[in-house]
Amino acid sequence: MLPEPVAALAAELAALPGAVAVVLGGSRADGTHRADSDWDLGLFYRASERRFDTTAVRDLGHAGYVSRLGEWGPIVHGGAWLTVDGVAVDVLFRDLDLVEGWIADAREGRFAVLTQNGYVVGAPTYLPVGELATCRPVAGAALPRPGFPDALAAAAPGRWEGRASVSLMFAGTHARARDAACCAGMLVDATLSAAHARLCARGEWARNEKRLVHRAGLDGVQPLLARVGATDELAATVDAVADALGVAPLSAR
């Protein structure tokens, strides 16, 4: 059951010109939320119809910020941070034309990893597919409810593990150069890539990077990343992270 302010906002959003559907997403949809968690609403539209305008969301008059389409990146490409009668609600804009294309790609085991604000390793194009699979419809037309494709479960783990291996190789290079910042960055990249690989191998959707490491069962890496060590300890940290991930650094020669 949605709180009255959230339900009222969902109805307002669903009635906007060009809106196709509104869904409840995130932790509130799957029951993993905390008491202080925001409410996440996804507003689906079709860019091909050219009817949805974000100014219509702004004109609803709720306190907060409303972005332009494309302002936030290629995957999370826009949305709003609103407060409605004291309740924090995040609205994410989703182009159903794009998402349907990413569903088709995922069914064939294809995906791209795109640079996205707020993401460390980037956002794979199957993330919005996972959102559709795990959301709760609230208003509007019926939307696709994709299962995790066998082709994606077969293709994605090796690709992510390969990236983790390369990142560990470069982490070692930076360790030998006594560059703590770049070494730490490569270790984080390797860890998140390994986490993506594990979830894909299990056929589990990732929607973002939040708690990705925990969901993948890689909590043992967290203390190592919390303190990568002094410059003369970096190489040992790289070895320890590689062992914890179960991924060997790529050997270039």
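Here are some notes:
- FRET efficiency, 1/(1 + (r/R0)^6) with R0 25 Å, evaluated for ALA142 and ALA8 via beta carbons: 0.65
- Separation in nanometres of the label points that stand 7 Å from Cα toward Cβ, at ALA154 and ALA15: 4.9
- Net length gained if the chain between VAL120 and ASP97 were fully extended (0.36 nm per residue, minus Cα distance): 5.7 nm
- Relative contact order (%) - the stretch 18-81, alpha-carbon pairs under 8 angstrom, separation at least six: 26
- Probing with 1.4 Å while keeping every protein chain in the model, the per residue accessible area of the chain equals 47 Å².
- Accessible-area composition of the chain, carbon plus sulfur, in percent [1.4 Å probe]: 53
- Each 10 Å bin from 0 upward holds the following percent of the Cα-Cα pairs of the stretch 50-169: 11, 35, 34, 15, 5, 0.
- Computed from point charges on the beta carbon alone (+1 for Lys and Arg, -1 for Asp and Glu), the dipole magnitude for the chain about its Cα centre is near 420 Debye.
- Helix 234-245 vs. the chain, principal-axis angle (Cα, 0 to 90°, nearest 10): 60
- Taking amide H positions as modeled 1.01 Å from N, with prolines and chain starts lacking one, the residues under 5 Å from LEU114 and 5 or more places away or on another chain are ALA123, THR125.
- Distance between the pseudo-spin-label points of ALA252 and ALA226 (7 Å out from Cα toward the beta carbon): 3.3 nm.
- Chain lengthening between ARG58 and THR173 when straightened (0.36 nm per residue, less Cα-Cα): 36.5 nm
- Antiparallel bridges, percent of DSSP beta bridges restricted to the chain (to nearest 5): 75
- Kirkwood Rh in Å, taken over the chain so that all alpha-carbon pairs contribute: 19.6
- Taken along the Cα-to-beta-carbon direction at a fixed 7 Å, the label points for SER48 and HIS214 span 4.0 nm.
- Here the stretch 1-62 is treated as a Stokes sphere of Kirkwood radius computed over C-alpha pairs; at 37 °C and 0.692 mPa s its diffusion coefficient rounds to 260 µm²/s.
- Residue-wise HN-Hα coupling along the stretch 64-74, computed from phi with Karplus coefficients 6.51, -1.76, 1.60 (Hz; x: Gly, Pro): x, 10, 10, 8, 7, 5, x, 5, 9, x, x
- Calculated P(r) of the stretch 176-253 - Cα pairs past 19 Å, %: 37
- FRET efficiency estimate (nearest 0.05) - Cβ-Cβ, GLU204 to ASP38, R0 25 angstrom: 0.65
- Relative contact order, percent, the stretch 6-45 [alpha-carbon distance under 8 Å, six or more residues apart]: 45
The values are calculated or read from the model by the stated rules, or taken from the named source; none is laboratory data. Not measured: the values here are computed from a predicted model. As a convention, Cβ positions derive from the backbone with ideal geometry for all residues, glycine included, and neighbour counts pool all protein chains shown. Surface accessibility is based on the protein's heavy atoms, side chains included, excluding ligands, DNA and RNA. Shrake-Rupley method; radii C 1.70, N 1.55, O 1.52, S 1.80 Å.
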